[in-house]
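Colleague: I'd like to ask you about the structure that follows.
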Amino acid sequence: MSDNNGSNAPSLAHRLADLPEDFSDFVDIYERELHPQLAEKEAERKHAWEAAKQRAIVGAVIAVVAAIAGLVILHMPWLAIIGVFVGVGVGASGFPAVNAVSKQAKVMMITPIAAKFGLTYNEQVSQTAEANLLKCNQMKVVPGWDRKILSDEFIGERNGTAFSFFEAHLEEKRTRRTSNGRTSTYWVTTFRGQCWVMDAPKTFHGTTRVARDSGLLNALGAIGNQFSRAKLEDPEFEKSFEVYTTDQVESRFLLTPDVMVTFMDIEKRYKNAKFRATFHDDKIFVALENGDLFEGGGMMTAIDDPEQVGDLLEDFAVVFHLVDALNK
């Protein structure tokens, strides 16, 4: 963090140089609109952080005194154990307040950025995302789940193309038998990443699925008897992606050189991200296993650091890149 926002302009401008042209105004937007609000929130974070550190010190003292008193002086181990637990609880009690301020700052940054692009942002997703997750599952771009967490939903248009985007963490409940013959339950992450549902530039007569490898499509149950491998005559693309379709002619029409280049760029940028897409009816469904976007800098990062805004704008660029490429 710096003492004045003006000195941060070159840093943010450098971050924006490689982003689409409509991102260039955000240096001025940061200085005029975002920085004053974020500076106030940073003061809150500092205050909460200092309070949390004081509580951590008090908690550590309680734990040490309880341990010495219980084990050395009174020879009462149970007292030491209780005291240590109390100390840990006191020591940790201040950090939720710091985390809450950081989360508020994240929304404070994302909401106006989304608005500048004409998007609605929902940190807690709407029913639209819930319905689109089901569609993504039906279109075989995400697996099934037993429990889920959806977040960071954006709804709107990009260059005339309507789309929705959200992040998903999907888990499946599994059981295993322990050594003593009992059954225990545990959870396995089946998907953690981003989902797009966007309007297509035309209505498709068939269904075309794209993934990094056919094993992933098989695991999702995405290749039925009616599908055959698409013949695209692009050896570089076919080294990285498998394409299966119910309409060979249509698949070659929709997977234009620009689209294939975009998919290749995704492959290079997000190694092992398990990218997949389905083109069906008048929609394009995309999923990318890429961890989390739109996360902010955490409790120890200065809220008014322009690098945080730069990170978020790069995340927006990731979202837009696919929409732009698939609707040329």
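Colleague: Would you list TYR186, TYR30 from fewest to most Cβ contacts within 10 Å? Don't skip to the answer; put the middle values down first.
Modeller: Working: TYR186 10, TYR30 24.
Arranged by neighbour count, lowest to highest, TYR186, TYR30 become TYR186, TYR30.
Colleague: What pairs from LYS106/LYS135; LYS239/LYS274; LYS135/LYS202 go past 21 Å between their alpha carbons? Working shown, then result.
Modeller: On the way: LYS106/LYS135 29 Å; LYS239/LYS274 14 Å; LYS135/LYS202 19 Å.
Checking Cα-Cα distances, LYS106/LYS135 exceed 21 Å.
Colleague: If you rank TRP187, TRP78, TRP49 by fewest surrounding Cβ atoms within 10 Å, what's the result?
Modeller: Details: TRP187 11, TRP78 8, TRP49 18.
The fewest-first ordering by Cβ neighbours comes to TRP78, TRP187, TRP49.
Colleague: With a/c under 1.5 counting as rounded, go ahead and sort the stretch 119-326 into rounded, prolate or oblate using the C-alpha gyration tensor (a ≥ b ≥ c being the square roots of the eigenvalues; past the cut-off, prolate if a/b is larger than b/c, else oblate).
Modeller: Numbers: a/c = 1.71, a/b = 1.11, b/c = 1.54.
Since a/c reaches 1.5 but b/c is at least a/b, the shape of the stretch 119-326 is classed as oblate.
Colleague: On to the next question. Quick check: from the Cα gyration tensor, does the stretch 34-107 come out rounded (a/c under 1.5), prolate or oblate? Before the final figure, lay out each step's value.
Modeller: Details: a/c = 8.81, a/b = 3.76, b/c = 2.34.
The shape class here is prolate.
Colleague: Please sort through the DSSP H helices of the chain and keep those with an alpha-carbon extent of at least 20 Å along the long axis and a Kyte-Doolittle average not below -0.5.
Modeller: Details: long enough: 35-68 (49 Å, 0.03); 77-92 (23 Å, 1.99); 95-116 (32 Å, 0.63); 306-326 (31 Å, 0.71).
Qualifying helices, which must be both long enough and hydrophobic enough, are 35-68, 77-92, 95-116, 306-326.
Colleague: Another question, if that's okay. State which entries of LYS46/LYS173; LYS53/LYS116; LYS41/LYS116; LYS103/LYS140 exceed 29 angstrom in Cα-Cα distance in the structure shown.
Modeller: Details: LYS46/LYS173 40 Å; LYS53/LYS116 37 Å; LYS41/LYS116 21 Å; LYS103/LYS140 32 Å.
In this structure, LYS46/LYS173; LYS53/LYS116; LYS103/LYS140 exceed 29 Å between Cα atoms.
Colleague: Would you give the gap between the C-alpha center of the stretch 118-151 and the C-alpha center of the stretch 230-304, rounded to a whole Å?
Modeller: Taking the Cα centre of each part, the stretch 118-151 and the stretch 230-304 sit 18 Å apart.
Colleague: Right, next: Could you give me the ³J(HN,Hα) list for the stretch 203-211, computed from phi with Karplus coefficients 6.51, -1.76, 1.60 and θ = phi - 60°, whole Hz, x at Gly and Pro?
Modeller: Each residue's phi maps through the Karplus curve to give 8, 8, 7, x, 10, 10, 10, 10, 8 Hz.
Colleague: Taking the Cβ of each residue in ARG269, ARG192, ARG276 as the centre, tally the other Cβ atoms inside 10 Å and list the residues starting with the fewest. Kindly include the intermediate steps, with their values, before the conclusion.
Modeller: Details: ARG269 11, ARG192 15, ARG276 26.
With the sparsest Cβ surroundings first, the list reads ARG269, ARG192, ARG276.
Here, each number is a calculation from the coordinates, and none is a lab measurement. Just so you know, these numbers come straight off a predicted model, no measurement behind them. Virtual Cβ from ideal backbone geometry, glycine too; neighbours counted across all protein chains shown.
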